[in-house]
Each structure stands twice: as C-alpha cells, then as structure tokens.
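Structure first, then comments.
The values are calculated or read from the model by the stated rules, or taken from the named source; none is laboratory data. Predicted model only: the values in this text are computed from it and were never measured. Counting neighbours? That spans all protein chains shown, and the Cβs are built from the backbone with ideal geometry, glycine included. Keep in mind that these areas ignore ligands, DNA and RNA; they rest on the heavy atoms of the full protein, side chains included. Shrake-Rupley method; radii C 1.70, N 1.55, O 1.52, S 1.80 Å.
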Amino acid sequence: MTEYTISLQAYAKAVLHCAKYPWATVHGLLLAEKKDGKVRMVDAIPLAHNWTQLTPMFDVALQQVQAYAKAKGWSVGGYYVAYEDTEATQLSASSALLARAVAAAGDEGAVAFVVDAKKLGPGSTQPGLVPYLSVDSQWKEQPAAFSGAKAKSGAATFVLENNRVLAATQKLVAERADIDIHDFDEHLDDVALNWLQNNALSERIRTA
Amino acid sequence: SVLFLLDTRFNGSQRVKRLSGLVKEALGQSDEAHALYTEMLDKDATNVLASKRLIALLKAQGHIQQAIKELVTYLDTHGNDFEAWLELAHLYLAQHMYPQAAFCLEEVILQQPANHYFHLHYAELQYTMGHLDVALKEYLRVVELSTDNVRGFYGVKLTADRMLAEAKKGKGSGKKDQQSSNALRMDIVPQQATLERLSELATERLVSAYNRAGESSKKAAEKWLKE
C-alpha cells in the first residue's frame with residue numbers, strides 16, 4: 001500500500017538523460033526519501049549510455065551512490081532504464097539482475113522503471129515510466145500506475161509530485177537542457193563532471 | 001522521382017539499387033528492401049555493401065538471430081573486417097550470449113591490439129562473466145596503453161580488491177572452496193602481495209586524477225577508495 005511520489009528533479013533528469021542519448025540504451029538510479037510509510041523519489045543519478053549490460057562500472061557507481069545517499073539521509077530507491085528499442089517496455093532479463101543489485105543496495109520497496117518513449121512526446125499527458133516492484137523475487141509490472149485510479153487494497157500507487165512536472169520536463173527537453181546532464185560514463189572520461197549532483201541542471205530544473 | 005531518373009541514367013547500378021533499398025527501408029517497406037538485397041546477393045554473394053545493408057535491415061526489424069546468422073556468414077569470407085566482428089559482439093550481447101561476444105572481441109583485439117578501447121570493452125565483459133583474473137589483466141593493458149585512464153584504474157582496483165577478498169574467504173573456510181573458485185575463475189591468481197600493490201597503485205593514480213574533480217565527486221571517490 002505504499003505511495004510513491006516522483007519529484008520533478010527525478011523525472012526531468014531521467015528524461016533528459018534519455019534525450020541526450022536517444023539512440024542508446026541508458027540507465028540510472030533514483031534516490032528515495034522515506035517518511036510516514038511514503039516514498040518520495042527526490043533525485044535521479046544517470047549512470048551510463050554505453051555497455052549498459054556490463055557490470056564493473058555499474059558496481060563502482062552503485063557503491064558510491066549508496067554512500068552518497070546515506071550521507072544525505074536518503075536511500076537508493078530505484079533504477080530506471082530506457083531501451084534502444086523504443087517499443088520495448090518490458091524489463092529485460094539483464095535489467096532485472098541489475099535492478100536486483102539496486103534493491104539490495106537500498107531498503108525494501110525499491111522500484112524498477114522502464115521508460116516508455118511513446119509517452120515522452122511534447123503533448124503527452126502521461127508520465128513515460130512503467131514501474132516494476134519485486135514480488136516473490138520476480139519483478140512485476142504495476143498495473144494502472146500513475147492513473148490516479150483508486151488502487152486495489154495492497155497495491156502501490158504512483159504519482160508525480162504535481163501537475164507541472166510533465167509540462168516543465170517537456171519544456172526542458174525542447175530547450176535542449178540535456179546538454180547539462182552528465183552521467184557516470186561521461187564522468188569517467190572527465191572527472192571534473194559532477195555526475196552525482198548535476199548542480200547546474202538541478203538549478204535549471206528548479207526554476208523551469 | 002529522383003530514383004526513377006537515377007535508375008534510367010545509371011541502369012543496373014549497384015549504388016542506385018542500394019539507395020533504392022535505403023528509401024524502401026525508410027518508408028517502412030521492409031519486405032521489399034529485404035527482397036532487393038537478397039536479389040543483389042543472389043547475383044553476387046560477395047557483395048559486401050549489400051550484405052551489410054541486409055544485416056542492418058534485420059537488426060532494425062529486431063530479427064537479431066537472423067542478423068547474427070547473416071553476419072557470421074559474412075565474417076567467414078571477410079574475417080579481417082574488425083568492425084564487423086565488433087558489430088557481431090554487440091548482437092551476441094543483445095542475446096545475452098556472453099562467451100560468443102567475448103570470442104568476437106578477441107578477434108577485434110587481434111586485429112587492433114594497440115587500441116585501449118577494445119581491451120577496456122573486453123575487460124568489462126570478462127568481469128561481467130566473473131573472470132576476474134582476465135579482467136584484471138586486460139584493465140592493466142588499458143592503463144598501459146592509455147596513461148592514467150580513470151576507468152582503467154577503477155577496474156584494476158575493483159578486480160584486485162575482489163580477488164583479495166575471495167582469497168581471504170578461501171583461507172578462512174580452511175578448505176578449498178570449489179564452488180566459489182568456479183564461480184570466479186581464479187586459475188591464474190597473482191600473488192597476494194602483487195594484488196595489494198596493484199590496488200595501492202590504482203588508489204594512488206585515482207586520488208591524483210580526482211584532484212581536478214568537483215567536491216561531491218571527489219568525496220564520493222575517496223570514500224570508495226578507502227573501503
């Protein structure tokens with residue numbers, strides 16, 4: 001019966017990560033703040049746009065994000081992936097394994113999101129995220145997520161932080177704000193890039 | 001149309017045929033494009049560009065296994081095309097066929113041994129497969145070929161530390177843990193002292209590299225290096 005809220009920061013950064021590398025599979029992590037049994041995804045940390053099935057740098061990044069989250073009083077709350085094939089909205093076998101590692105690095109209730117590219121267009125009124133929760137060690141797609149429908153008792157609900165999130169994100173994509181997002185892959189090529197916070201972008205999102 | 005004019009002026013031209021195939025693909029006429037490329041290959045089985053167009057078409061349609069089959073056939077004849085071996089490695093990865101992908105990357109490295117990028121790709125695949133010893137060797141080759149390569153040194157430290165941890169676990173249990181030494185291939189395990197020195201070297205080079213990093217990245221990296 002957990003209620004999950006996705007903040008503008010988290011949603012916009014995940015979408016901008018996709019916008020920067022539209023030809024590739026991209027993935028990243030979500031940071032969660034838990035209060036009164038509710039979970040709020042406060043931020044997204046983009047990880048990679050290349051070799052996303054290969055695990056060593058994923059392991060390094062996950063360990064660093066875990067420590068970073070803890071210092072902020074948050075936890076590693078989720079994983080997002082956007083596939084090269086825009087028709088694919090099912091969590092793949094290898095993504096499921098990575099999501100399991102992410103779940104192990106956080107508290108319980110971690111979410112795996114697959115990005116639905118079809119819902120990312122300029123006029124879209126639906127969030128482009130398909131959530132999966134771990135049930136009996138299997139990742140199960142959550143039906144009617146973000147629909148606002150009264151959830152069956154025991155089911156999780158997903159909402160965006162407010163009704164500005166989609167419009168603000170679409171505006172940022174149109175303005176090519178994706179130029180300001182830097183993932184761990186980019187950081188490994190140039191350590192001066194701030195992949196954990198993406199400060200300049202965060203500020204731009206805040207004022208969007 | 002332009003295509004008609006081209007076809008009239010350059011009748012039977014290979015380039016016009018391929019262009020017309022590309023147009024068909026762009027218009028979503030995949031079956032017609034497929035038929036065209038197959039016809040070109042029936043006339044001349046060694047037509048490299050038609051082969052590649054066919055493979056690209058199959059990949060775009062999501063027929064990965066068919067694309068693999070065609071690419072393997074192509075590589076039987078053109079084994080010196082390292083880019084094709086690289087493409088095949090990626091097709092195998094898409095099918096989670098890791099050993100086959102590794103074989104292809106080995107062919108790439110044989111042909112391009114001085115390019116650190118391919119050693120890096122191979123190292124990361126070997127790590128993913130659990131072959132820490134091979135991964136470590138290849139990461140070391142990366143930093144040899146590309147001075148102070150940050151990704152390379154992260155890999156050296158990650159693999160060396162994990163091998164040290166595995167060795168410690170083995171000692172603690174008192175008997176040779178057959179299961180764990182199968183899961184992580186420890187066939188050619190360097191001496192513990194060597195692993196420790198490699199880990200220290202990697203730490204030192206990373207700390208030096210991170211001097212030019214921003215506050216949060218630097219703190220995060222230094223914390224990771226200490227653990």
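Out of segment A:167-195, which residues are assigned to a loop (DSSP other than H, G, I, E, B) and in contact with a Gly (Cβ under 9 Å, 6 or more places away or on another chain)?
Within segment A:167-195, A:Asp183, A:Val191, A:Ala192, A:Leu193, A:Asn194 meet the criteria.
Across segment A:26-59, what is the number of residues that are touching a Phe, Trp or Tyr at 6+ places or on another chain (Cβ under 6 Å) and open to solvent by 30 Å² or more (accessible area, probe 1.4 Å)?
2
Do we have B:Gly21 as not in a helix (DSSP H, G or I) and not polar (S, T, N, Q) here?
No.
Each row is one residue, and each column tells you yes or no for (1) under 13 Å from the mean Cα position of the chain (by Cα); (2) at pLDDT below 95; (3) closer than 21 Å to B:Thr159 by Cβ; (4) among the acidic types (Asp, Glu).
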position: B:Leu91; (1), (2), (3), (4): yes, no, no, no
position: B:Met97; (1), (2), (3), (4): yes, no, no, no
position: B:Gln100; (1), (2), (3), (4): yes, no, no, no
position: B:Glu107; (1), (2), (3), (4): yes, no, no, yes
position: B:Ala114; (1), (2), (3), (4): no, no, no, no
position: B:Tyr127; (1), (2), (3), (4): yes, no, yes, no
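Identify, by number, the condition in (1) within 30 Å of B:Gly152 (Cβ to Cβ); (2) modelled with pLDDT under 95 that A:Lys152 doesn't meet.
(1)
Restricting to segment B:145-172, name every residue that is away from chain A (no Cβ under 14 Å) and either touching a residue at least 12 places away in the same chain (Cβ under 8 Å) or aromatic (Phe, Trp, Tyr) (or both).
Answer for segment B:145-172, where residues must be away from chain A (no Cβ under 14 Å) and either touching a residue at least 12 places away in the same chain (Cβ under 8 Å) or aromatic (Phe, Trp, Tyr) (or both): B:Leu145, B:Leu164, B:Glu166, B:Ala167.
What pairs can you find where one residue is in segment B:1-24 and in contact (Cβ under 8 Å) with a residue 24 or more places away in the chain, the other is not in a helix (DSSP H, G or I), and their Cβ atoms are less than 8 Å apart, with a gap of 6+ or different chains?
From segment B:1-24, the pairs are B:Gln14/B:Asn47.
For B:Ser146, state whether it is over 24 Å from the mean Cα position of the chain (by Cα) and either at pLDDT 90 or above or farther than 27 Å from A:Gln64 by Cα (or both).
Spelling it out, it is not the case that B:Ser146 is over 24 Å from the mean Cα position of the chain (by Cα) and either at pLDDT 90 or above or farther than 27 Å from A:Gln64 by Cα (or both).
So which of B:Ser30, B:Ser51, B:Ser20 is surrounded by 15 or more Cβ atoms within 10 Å (Cβ to Cβ), under 22 Å from B:Leu5 (Cβ atoms) and polar (S, T, N, Q)?
So the residue among B:Ser30, B:Ser51, B:Ser20 that is surrounded by 15 or more Cβ atoms within 10 Å (Cβ to Cβ), under 22 Å from B:Leu5 (Cβ atoms) and polar (S, T, N, Q) is B:Ser20.
Pick out the one residue from A:Val114, A:Val60, A:Val65, A:Val102 that is of a type in the set (Val, Ile, Thr), at pLDDT 95 or above and within 30 Å of B:Gln61 (Cβ to Cβ).
Unique residue meeting the criteria: A:Val114.
So, in segment B:91-136, exactly how many residues are assigned to a helix (DSSP H, G or I) and in contact (Cβ under 8 Å) with a residue 40 or more places away in the chain?
4
What number goes with the only condition from (1) on the phi < 0 side of the Ramachandran plot; (2) assigned to a loop (DSSP other than H, G, I, E, B) that A:Gly148 does not pass?
(1)
Could you please give the count of residues in segment A:82-96 that are more than 10 Å from every other protein chain (Cβ to nearest Cβ) and part of a helix (DSSP H, G or I)?
Residues meeting the conditions: 2.
Which numbered condition trips up B:Ile64, out of (1) away from chain A (no Cβ under 12 Å); (2) of a type in the set (Val, Ile, Thr); (3) surrounded by fewer than 21 Cβ atoms within 10 Å (Cβ to Cβ)?
Unmet condition: (1).
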